[in-house]
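Take a look at the structure set out below.
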There are 2 protein chains.
Amino acid sequence: MLDFKTALETLRNYLKEHEMRFTTERMIILEEIFNFPPHFDAEKLFIHIRSKYNHISRATVYRALELFDKIGIIKKLNLGGGVAQYELKMDLPHHDHLICVVCGKVIEFVDDTIERLQQEIAEKHGMEIINHQLQIYGRCKEHRKQ
Amino acid sequence: MLDFKTALETLRNYLKEHEMRFTTERMIILEEIFNFPPHFDAEKLFIHIRSKYNHISRATVYRALELFDKIGIIKKLNLGGGVAQYELKMDLPHHDHLICVVCGKVIEFVDDTIERLQQEIAEKHGMEIINHQLQIYGRCKEHRKQ
DNA sequence: TCATCTATGAGAATGAGTCACAATTTATGT
DNA sequence: ACATAAATTGTGACTCATTCTCATAGATGA
Ligand SMILES: [Zn+2]
Ligand SMILES: [Zn+2]
Ligand SMILES: [Zn+2]
Ligand SMILES: [Zn+2]
């Protein structure tokens, strides 16, 4: 279900329902996200897109990313490093991230126990959870010290 | 052990060992951190300090925060919102954060099971953990919807 | 006190991200 | 296809947090 065609359909439907326009720029940006590494930042995506379509502006890329995030096609992440990262979402299940501080590699994981414990912690403090993020920073197999 | 005197000693020792200067600016900034809310950002701290000591510059505050973080007197946090947050650290135990998206209130917590599970997850992927952060965003007691 | 060399203040520079606005495109009805 | 209205785009200016530059001030050790 995480293919370009489906995403494009989702986009088309959302735009129609909200009296917004389906533009080639939005289509191109969505397509290029599917050609791109699974975790990326806006600037790298813009450079990549610009190299193929030199009329598409930085602002349009940022605006599209914001839109796709709102629709739920992608998810904006806060992995540290001062730059927002994005990943395709669609109906992928929630997950958290292991990040190698040497090479930047990102590994995804889910742990149901951790998810459940978070609920319990929030309840204990009277809080209603909206979302959460767990980042584990370390050195990956290739870069750990022996 | 989390008092100003001890922190000042730590600072003095570090500076001496590294052929760096003990300055009144560094002392004042450290002192004001102890007069400040437990989670703060650089700009608010700067404004506060500036109101009492109008010669201290923004750059010096930022440089001191970087230094104190390196020494381990404070900890730089990434709670989202695009601005770095800081908290006193010294030898306080590790903890994570619940954050109210309405009022910004921050609640600290630790859960040993979650901590242990993270170790297991990292090992399963061959990663050596350096650190981690877990942020739970939600609505606090006062701001949750009934 | 003096010499040395680090730290500071001021403001310029950077970098990610946003905004304003004129020009362009899309969607819709004819 | 055409006209119209409204949304979108490209450009460049702008914001905001943070870092950098560099001349001057200040701390330290002899
Ligand atoms: Zn690595
Ligand atoms: Zn991911
Ligand atoms: Zn609240
Ligand atoms: Zn805290």
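The values are calculated or read from the model by the stated rules, or taken from the named source; none is laboratory data. Just so it is clear, the model here is predicted, and its values are computed rather than measured. For neighbour counting, all protein chains shown are included, and Cβ atoms are generated from backbone atoms with ideal geometry for every residue, glycine included.
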Study note, to complete from the structure: Just one listed residue, out of A:43, A:87, is under 30 Å from residue B:77 (Cβ atoms), in contact (Cβ under 8 Å) with a residue 40 or more places away in the chain and surrounded by fewer than 18 Cβ atoms within 10 Å (Cβ to Cβ), and it is A:43
Point to revise | Residue, farthest from the other protein chains (Cβ to nearest Cβ), within the range A:63-101, restricted to residues that are part of a strand (DSSP E or B) and among the charged types (D, E, K, R) | key: A:87
Practice item. Give the residues of the range A:111-132 that are surrounded by fewer than 19 Cβ atoms within 10 Å (Cβ to Cβ) and within 7 Å of another protein chain (Cβ to nearest Cβ), sorted by residue number. Key: A:111, A:113, A:117, A:125, A:126, A:128, A:129, A:130, A:131
**Study point:** residue B:33 being among the β-branched types (Val, Ile, Thr) and either part of a strand (DSSP E or B) or more than 30 Å from residue A:139 (Cβ to Cβ) (or both)
**Key:** yes
Exercise for review: Could you identify the single residue in B:47, B:56 that is on the phi < 0 side of the Ramachandran plot, within 11 Å of DNA strand D (Cβ to nearest atom) and either away from every other protein chain (no Cβ under 14 Å) or aliphatic (A, V, I, L, M) (or both)?
Suggested key: B:47
Exercise for review: State the number of residues belonging to the range A:47-85 that are under 26 Å from residue B:117 (Cα atoms) and in contact with a strand residue (DSSP E or B) (Cβ under 8 Å, 6 or more places away or on another chain).
Suggested key: 7
Revision key, fill the gap. Exactly one of A:117, A:45, A:88 is at pLDDT 95 or above and either among the β-branched types (Val, Ile, Thr) or closer than 21 Å to residue B:131 by Cβ (or both), and that residue is A:117
Study note, to complete from the structure: Residue set B:60, B:10, B:6; condition assigned to a helix (DSSP H, G or I) and touching a helix residue (DSSP H, G or I) at 6+ places or on another chain (Cβ under 6 Å); output residue B:60
Review point. Just wondering, is there one or more residues in the range A:102-119 that are assigned to a strand (DSSP E or B), in contact with a helix residue (DSSP H, G or I) (Cβ under 8 Å, 6 or more places away or on another chain) and free of Cβ contacts under 8 Å to residues at least 24 places away in the same chain?
Key: yes
**Study point:** Failed item in (1) among the acidic types (Asp, Glu); (2) closer than 19 Å to residue B:7 by Cα; (3) surrounded by 14 or more Cβ atoms within 10 Å (Cβ to Cβ), with residue B:96 passing the rest
**Key:** (2)
